Amino acid sequence: MREALIPIEYLRHKTKPRGRFLGGLRADIRENGIRDPLTVFATRGNHFTVELGNRRLTIAIELGYTFVPCRIYGEDIPPELRQW
């Protein structure tokens, strides 16, 4: 496991969350940022599948984040992220 800030464009939703339950979480992230890193798995081609944190990713995109904190699992972690 490795922790890193990952560019939004490298992340892929595993599931798309529904918008009706995002209000309170959106307000919290807007005020405090993402406090709990997303759990992602490295896939080929410098992409990551979000296992835990799909709602946080959706909100981060809506709020204009370019990077989000992640816990990375898997063996295909790109070399540039291994250095972070």
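Rounded to the nearest 0.05, the FRET efficiency derived from the C-beta distance between Ile8 and Thr43 at R0 = 22 Å is 0.90. Taking a ≥ b ≥ c as the square roots of the eigenvalues of the Cα gyration tensor, the chain is classed as prolate, since a/c reaches at least 1.5 and a/b is larger than b/c. Placing +1 on the Cβ of every Lys and Arg and -1 on the Cβ of every Asp and Glu, with no other charges, gives the chain a dipole of roughly 360 debye about its Cα centre.
FYI, it's all coordinate maths here, none of it is from the lab. Just so it is clear, the structure is predicted and the values come from calculations on it, not from any experiment. Note: ideal-geometry Cβ built from the backbone for every residue, glycine included; neighbour counts use all protein chains shown.
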